[in-house]
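Inspection log for the structure reproduced underneath, given as structure tokens.
The values are calculated or read from the model by the stated rules, or taken from the named source; none is laboratory data. Treat the numbers as computed from the prediction; the structure is a model and nothing was measured. Because the Cβ atoms are built from the backbone with ideal geometry, glycine has one as well, and the counts that use them run over all protein chains shown. These area figures cover heavy atoms from the full protein model, side chains too; ligands, DNA and RNA do not enter into them. Shrake-Rupley method; radii C 1.70, N 1.55, O 1.52, S 1.80 Å.
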Amino acid sequence: MTVAVSATTLEVRGVSMRFGGVLAVDDVTFAARTGEVLGVMGPNGAGKTTLFNVISGVQRPTAGAVSLGPVPLTGHSVDRIASLGVTRTFQTPVMFWGLTVRESIAVALAAREFGGSYPPPPARALLVAGLGTQGRRRADAVLNERADALLASAGLAHMGDRATESLAFGEERLLELARALAVEPVVLLLDEPLSGLNPEEVEDVLTLVRAARTAGVAVLLVEHAVGELLSVADRVVVLDHGRKIAEGTPSAVAADPLVIDAYIGDELE
Amino acid sequence: MSFAPANAHGRVALVVLAVVAAAVWFLPAYYTGLLTLIGIYSLVTIGLNLFMGYAGQVSLGQAAFVGIGAYTSAVLAVDLHVTPWLGAVGGAAVAALVAYVLSFVALRLRENLLALATLALGIVINVVFNEWEFIGGSSGFKDIPGFTLGAFTFDPRAYAILSWALVAAGIWFAGNLVRSSFGRTLIAISAGELGAQALGVDPEKLKRQTFVLSAVYAGVAGAVYASYQSYIDPSSFSFLLSVNFVLMSVIGGLRSLWGAVIGAAIVVALGQVLQALVPLVLPSARGDFQQFFLGAVLIAILILLPRGLAGRLSEARRA
């Protein structure tokens, strides 16, 4: 990775996001460190997904800035931010229909191969691919092998040849996560990775998340399943109505009256 | 650097080329001419299928790139006495350059808007063909020199073989491309652009390169067309031709390279049949009335075979 990895990896400083009259994210500041799982929780409409959209470049914040180590991210495109080391998954998994599971992973690996962005400049990649040079064909075969190895380590070895159209929802979640890990991110944003999964699949995802943490990835986790979130997170940031109302260890946050208030208040509304 | 001898697409293409090269010695001139036209249109449609079928975009302006290739080659041959072989390279280069520049505007738009933008580009470029006196304006360009090989000047048979040799080369290149990382990444952006972006894929750059490549295919086809016909005018590259290329792509099957060839053959053949039949059925019908029926056929195919004929064939093979 080209980005120098420091103890503080991702910094979110004073980020606000306004949609018309609604302040979806209101002056939020926090940092995520390498090798930690940072839970982001809050009731519905707290601004969690908007925050992820701002960090990953889907939306440009109204105010504030996001940076990765010394590198500013704000204002860059999603693919540029990904090539700098910040990738994400989506609430509804995005599948590459038309490709097999193995090929989906290979797409991620190809992007990684060329310094985190595909296609590499200039049009050489196109010409080399079209002329079918031996080197390129070997490289593509290697990508397939590496994709298989990655699938095996994610416990998906049996799925390699399946068409992505044929996957069940839980399998889609796992594939999307494996695909994101294939680009070896510095920061990984997971938007409700557990929703819609059966208990077994929840365990599979949490295992992958813990493995990523061990590998030094900063994992940001938005999740509605508060129990699972508190069990896997090292620290937690709590949002309510766009504002950060608490930050700390899971046990401290769970005992925080403001947090309890926000959740109970949400249920009473 | 060593190249793959042939992928599956390339091998089949060589067989087809051999069949064409043999057939032209037996076929009446009329059918040899149709074969040449199908080859030229196939080349354009193979390029278009990369952009439409694999990258998932729509171009309604492909005829303009054919025209740019044709006019470039014609000007080079007539005014500068450049051989059509180099003219084809020049035609492809100018078409690619125009596509590259236009892509900065067009590819910022999405889906329907991109289709509309390419449609507008096609029309604007056709207006340029019409108004620019240097390239003959509306009266067109006459006496375009033919291809030569040593002392041999290409006859209709040679054009049929040339056009299908280019189809073979084009399908070989495209066949390599779609099986590579490049092709997979194209499929990925057409299925889930944001998901691919989150992995570091730059969709605009990928689409741009594919759009430019489709213009290269069209430009080469145009250069061959110009020398083959020895006469071109703006109406040869009208909006209707662009629509026909889209028809060929869709009828054959969008994510299929051979589908492009099948689609081109069907549209050309159907055009001939309709041209013969329509006056018999509707004596008062004139001009482009056959296009009306082509449209009806397209709608029928879209309803009955949403994945095109080639898609239907591969489904049947799997079943």
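What to note about this one:
- Between the range B:104-150 and the range B:84-100, the alpha-carbon center distance in angstrom: 12
- Amide H contacts under 5 Å for residue A:245, placed H, 5+ residues apart: A:238, A:239, A:240
- When only the Cβ of Lys, Arg, Asp and Glu is charged (+1, +1, -1, -1), the dipole of the range B:8-238 relative to its Cα centre reaches about 660 debye.
- Set of the range B:46-89 residues, backbone N closer than 17 Å to the point 7 Å along the Cα-Cβ line of residue B:165: B:83-89
- Under the criterion of Cα pairs below 8 Å and six or more residues apart, the relative contact order for chain A equals 28 percent.
- For chain A, the residue among A:156, A:130, A:237 whose Cα projects farthest onto the positive side of the dipole built from Cβ charges is A:130.
- Efficiency of FRET between residue A:18 and residue A:134 - r from beta-carbon atoms, R0 51 angstrom, step 0.05: 0.40
- HN-Hα J in Hz across the range A:77-92 - Karplus 6.51, -1.76, 1.60, θ = phi - 60°, x for Gly and Pro: 6, 4, 6, 5, 5, 5, 5, 7, x, 10, 10, 8, 10, 10, 4, 9
- Computed lengthening from residue A:27 to residue A:127, 0.36 nm per intervening residue step minus Cα-Cα distance: 31.2 nm
- When B:231, B:54 are compared by accessible area at a 1.4 angstrom probe, the order from most to least is B:231, B:54.
- Per residue of A:139-151, other chain Cβ atoms within 10 Å of the residue Cβ number 1 on average.
- Between B:55, A:39, B:170, the Cα set farthest toward the positive side of the dipole of the protein assembly as shown (charges on each charged residue's Cβ, about the Cα centre) is that of B:170.
- For the protein assembly as shown, the solvent-accessible area with a 1.4 angstrom probe is 41 square angstrom per residue.
- Rg/Rh for the range A:96-165 (Cα atoms only, Rh after Kirkwood) is 1.00.
- Here the protein assembly as shown is treated with +1 on each Lys and Arg Cβ and -1 on each Asp and Glu Cβ, and its dipole about the Cα centre works out to around 1800 debye.
- Peptide packing: for B:85-98, A:221-234, B:251-264, the average count of neighbouring Cβ atoms within 10 Å per residue gives the ranking B:251-264, B:85-98, A:221-234, highest mean first.
- Cβ-placed point charges (K, R +1; D, E -1), dipole of the range B:171-319 about Cα centre in debye, nearest 20: 480
- Exposure rank, largest accessible area first [B:100, B:217, B:41; 1.4 Å]: B:100, B:41, B:217
- The simple spin-label model puts a point 7 Å past each Cα toward its Cβ; for residue A:207 and residue A:226 those points are separated by 2.9 nm.
- Think of it as helices only: each DSSP H run of n ≥ 4 in chain B is worth -39500 (n - 2.57), and spread over all residues that comes to -24500 deg cm²/dmol at 222 nm.
- Our coupling estimate for the range A:207-223, obtained by passing each phi through the Karplus curve with A = 6.51, B = -1.76, C = 1.60 and θ = phi - 60°, is 4, 5, 5, 5, 5, 5, 4, 4, 6, x, 7, 8, 9, 9, 10, 9, 7 Hz, Gly and Pro reported as x.
- Ordering of B:8-14, B:33-39 by packing [mean C-beta count within 10 Å, highest first]: B:33-39, B:8-14
- Simple label model, 7 Å out from Cα along Cβ direction - residue B:11 to residue A:263, nm: 6.2
- Summing both sides, the accessible surface hidden between A and B at a 1.4 Å probe radius is close to 3200 Å².
- Set of lysines near residue A:244 by C-alpha distance (under 16 Å), chain-local residues within fewer than 8 positions excluded: A:48
- With at most 16 other Cβ atoms within 10 Å, longest stretch of chain A clear of loop chymotrypsin sites (Phe, Trp or Tyr not before Pro) (DSSP): A:115-269
- Separation between Cα centres of the range A:1-79 and the range A:84-120, rounded to whole Å: 21
- With every protein chain in place, the protein assembly as shown: carbon and sulfur % of accessible area (1.4 Å): 63
- Mean partner shielding of peptide B:75-88, defined as the number of other chain Cβ atoms within 10 Å of each residue Cβ, is 0.
- Remark on residue A:195: its backbone amide H falls under 5 Å from none of the residues 5 or more positions apart or on other chains, H modelled at 1.01 Å from N.
- In this structure, the amide hydrogen of residue A:88, modeled 1.01 Å from its nitrogen in the peptide plane, lies closer than 5 angstrom to those of A:189, counting only residues at least 5 positions away or on a different chain.
- Model label sites at residue B:143 and residue B:302, defined 7 Å from Cα along the beta-carbon direction, differ in position by 4.6 nm.
- Take the Cβ atoms of residue A:252 and residue B:240, set R0 to 56 Å, and the FRET efficiency comes out at 0.20.
- Shielding value for A:71-84 is 3, the average number of Cβ atoms from other chains within 10 Å of each residue's Cβ.
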